[in-house]
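The values are calculated or read from the model by the stated rules, or taken from the named source; none is laboratory data. What you see is a predicted model; the values in this text were computed from it and never measured. Cβ atoms come from the backbone with ideal geometry, glycine included; neighbour counts cover every protein chain shown.
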Amino acid sequence: MKVIRLKEGKEKSLFRKHPWVFDGAVAKGSGDAGETVRVESHEGRFLAWAAVSPQSRIRARAWSFDENQRIDAAFLSQSVASAVAARRLWDIQSDGLRLVHGESDGLPGLVVDRYGDTLVAQFGSCGAERWKKVLADALLAHTGCHKLYERSDASVRQLEGLPELTGWLAGAPQAGEDPGLELVIREHGWRLGLNIAVGHKTGFYLDQRDSRKRFHDWTRQRRFERVLNCFCYTGGFTVAALVAGAKHVTSIDSSAAALAQGQANLQLNGLGAERASWLDADVNASLRQFVKEGRRFDAIVLDPPKFAPTSVHAERAARAYKDINRLALSLLEPGGVLFTFSCSGGISADLFHKIVASAGMDAGVDAFISERLGGAPDHPMTVNFPEGEYLKGLVLVNKP
Ligand code: SAH
């Protein structure tokens, strides 16, 4: 059996059951892609069983911190079963949910979303890739689903030295049958369409489910007349607001395909097309234009893509976040509400708060920070893996 020996003093994070071994911590030893190795401290003390990623800066990812644990099909199947069972601990008002959230579920690199009876998986580490067949069988067995689609086309595959792979792993439709790629989920009370082959991530931003509900609740209470949904993707927040009685929602995204799905989502929910405008445009440019035109909104959602994947990008990302938040705040009516988010792992909740505060200063807006939001619970964080906290949001209310 192969061994990775760490440099002196580099064992501390593994003692705390943090699952990553960075290349800079390794004194000697390696393994083939995805191979299970024994990770040891400088003195040879057992730390973890881990899968090797020979080309990645995250050189190994721990499967287990128990020396007596065998890393085999039975173990991985049990980990999948635990992840699936954990979802019953939360009140998830949707038939679209995240079943496996990588490191937080003890399955580093594996992401699995369920849309009705279809599973969509991303194998984002050499370890997950190596055990793909076993993991796929376990997923089907523990969910009772028959359809499993692979979306291993996230950028993390490149960092792992793995090729992009997409397609059916199980339940591929026969020629002439429905291709099974366009699905509709029911989130809270409303219906949302998605495409698992070409949609972002595995097709949908499930992590914003609870924040869409909060936006729905706010809209129902305040009956916003003019709503602006920036970075709307397929209009999840748009539908949430319209169902709650918003008079009109303007939605902006730079993806034409997402906007087309957004329009279809209105139809799916019996919402009149005249209550929505869809702009295929850059959000920053649109916000500037709106400021110039003197437009105002009663509620705004700002849910940009990841500006800072890691803390290395934090400074530039901070400027970009500040810019859009400053512009959005200057478009907000007194008493108006801003739902603002960052899904950047490299921007902490604390830093995000500071960025938004400073955007408010620059916009000359004083606002109540009314709520703090996070990812939906099926995208769990754990105490051992703080990197799991990537999505954070604030609800700001412009002082009347
Ligand atoms: N709020 C959405 C998820 C947003 S994800 C939901 O609830 O589903 C971020 C979105 O920003 C993506 O749809 C992407 O196409 C879009 N995007 C990225 N850069 C953009 C830009 N500069 N201007 C407009 N849209 C952009």
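Among the residues in the range 145-163, are any more than 28 Å from Ala264 (Cα to Cα), hydroxyl-bearing (Ser, Thr, Tyr) and crowded, with 16+ Cβ neighbours inside 10 Å?
Going through the range 145-163, the residues more than 28 Å from Ala264 (Cα to Cα) turn out to be 155-163.
Next cut, hydroxyl-bearing (Ser, Thr, Tyr) only: 155.
The next check asks that each one be crowded, with 16+ Cβ neighbours inside 10 Å; those that pass are none.
The answer is no, given that none of the residues of the range 145-163 is more than 28 Å from Ala264 (Cα to Cα), hydroxyl-bearing (Ser, Thr, Tyr) and crowded, with 16+ Cβ neighbours inside 10 Å.
Would you check if there is a residue in the range 73-82 being modelled with pLDDT of 95 or more, surrounded by 24 or more Cβ atoms within 10 Å (Cβ to Cβ) and more than 19 Å from Arg209 (Cα to Cα)? Don't jump to the end; show me each part of the working.
We begin by selecting, within the range 73-82, every residue modelled with pLDDT of 95 or more; these are 73-82.
If we keep only those that are surrounded by 24 or more Cβ atoms within 10 Å (Cβ to Cβ) as well, we get 80.
Filter once more, keeping what is more than 19 Å from Arg209 (Cα to Cα): 80.
Scanning the range 73-82 turns up at least one residue that is modelled with pLDDT of 95 or more, surrounded by 24 or more Cβ atoms within 10 Å (Cβ to Cβ) and more than 19 Å from Arg209 (Cα to Cα).
Which one of these is touching a Ser or Thr at 6+ places or on another chain (Cβ under 8 Å), of a type outside the set (Ser, Thr, Tyr), touching a residue at least 60 places away in the same chain (Cβ under 8 Å) and at negative phi: Pro334, Pro380, Pro400? First the steps, then the outcome.
On the way: Pro334 fails: touching a Ser or Thr at 6+ places or on another chain (Cβ under 8 Å); Pro400 fails: touching a Ser or Thr at 6+ places or on another chain (Cβ under 8 Å).
Just one listed residue meets the conditions, Pro380.
I'd like to check which helices (runs of 4 or more DSSP H) are fully inside the range 49-149 and have at least 3 residues that are among the basic types (Lys, Arg) and touching a strand residue (DSSP E or B) at 6+ places or on another chain (Cβ under 9 Å). It would help to see each step written out before you state the result.
Numbers: elements: 73-86, 126-130, 132-143.
The helices (runs of 4 or more DSSP H) meeting that bar number zero.
If Glu225 passes every condition in (1) closer than 28 Å to Ala308 by Cβ; (2) in contact (Cβ under 8 Å) with a residue 60 or more places away in the chain but one, which one does it miss?
Only one criterion in (1) closer than 28 Å to Ala308 by Cβ; (2) in contact (Cβ under 8 Å) with a residue 60 or more places away in the chain is unmet by Glu225, namely (1).
Taking the conditions exactly as written (β-branched (Val, Ile, Thr), modelled with pLDDT of 95 or more and touching a Lys or Arg at 6+ places or on another chain (Cβ under 6 Å)), does Val120 satisfy them or not?
Values: β-branched (Val, Ile, Thr): yes; modelled with pLDDT of 95 or more: yes; touching a Lys or Arg at 6+ places or on another chain (Cβ under 6 Å): yes.
Yes.
Which pairs do you get when a residue that is assigned by TED's automatic domain parsing to the domain that holds Gly345 and in contact (Cβ under 8 Å) with a residue 12 or more places away in the chain, found in the range 298-313, comes within reach of a residue that is aromatic (Phe, Trp, Tyr) and within 14 Å of the ligand (Cβ to nearest atom), reach meaning Cβ atoms under 6 angstrom, with the pair 6+ apart or on two chains?
The qualifying pairs are Val301/Phe237; Val301/Phe339; Asp303/Phe231; Asp303/Phe341; Pro304/Phe231.
Arg326 - would you say it is in the same structural domain as Lys392 (by TED's automatic domain parsing), of a type in the set (Lys, Arg) and either surrounded by 19 or more Cβ atoms within 10 Å (Cβ to Cβ) or at pLDDT below 95 (or both)? Show your work before the answer.
Numbers: in the same structural domain as Lys392 (by TED's automatic domain parsing): yes; of a type in the set (Lys, Arg): yes; either surrounded by 19 or more Cβ atoms within 10 Å (Cβ to Cβ) or at pLDDT below 95 (or both): yes.
Criteria met by Arg326.
For the range 229-253, name all the residues that are under 17 Å from Asn195 (Cβ atoms) and either more than 10 Å from the ligand (Cβ to nearest atom) or of a type in the set (Gly, Ala, Ser) (or both).
From the range 229-253, those under 17 Å from Asn195 (Cβ atoms) are 232-236, 239, 253; that's our starting set.
Of everything in the range 229-253, those that are under 17 Å from Asn195 (Cβ atoms) and either more than 10 Å from the ligand (Cβ to nearest atom) or of a type in the set (Gly, Ala, Ser) (or both) turn out to be Gly235, Gly236.
Scan the range 199-251 for residues that are among the aliphatic types (A, V, I, L, M) and either buried (at least 24 other Cβ atoms within 10 Å of the Cβ) or more than 19 Å from Gly189 (Cβ to Cβ) (or both) and jot them down. Spell out how you get there, then give the answer.
Quick first cut of the range 199-251, residues among the aliphatic types (A, V, I, L, M) only: 206, 227-228, 239-244, 246, 249.
Across the range 199-251, the qualifying residues are Leu206, Val227, Leu228, Val239, Ala240, Ala241, Leu242, Ala246, Val249.
Would you check if there is a residue in the range 328-339 being in a helix (DSSP H, G or I) and under 28 Å from Trp190 (Cα atoms)? Steps first, answer last, please.
Of the range 328-339, the ones in a helix (DSSP H, G or I) are 328-330.
Then keep just the ones that are under 28 Å from Trp190 (Cα atoms); that gives 328.
Among the residues of the range 328-339, at least one is in a helix (DSSP H, G or I) and under 28 Å from Trp190 (Cα atoms), which makes the answer yes.
Provide a single number: the residues in the range 286-316 that are crowded, with 19+ Cβ neighbours inside 10 Å, assigned to a helix (DSSP H, G or I) and within 13 Å of the ligand (Cβ to nearest atom).
Counting residues in the range 286-316 that are crowded, with 19+ Cβ neighbours inside 10 Å, assigned to a helix (DSSP H, G or I) and within 13 Å of the ligand (Cβ to nearest atom) gives 1.
Which helices (runs of 4 or more DSSP H) does the range 181-279 wholly contain that include 1 or more residues that are within 30 Å of Gly171 (Cα to Cα), modelled with pLDDT of 95 or more and among the hydrophobic types (A, V, I, L, M, F, W, C)? Give the derivation first.
On the way: elements: 209-222, 236-243, 256-268.
Per the criteria, 256-268.
Given the conditions (1) more than 24 Å from the chain's Cα centre (by Cα); (2) within 14 Å of the ligand (Cβ to nearest atom), which single one is not true for Ala258?
(1)
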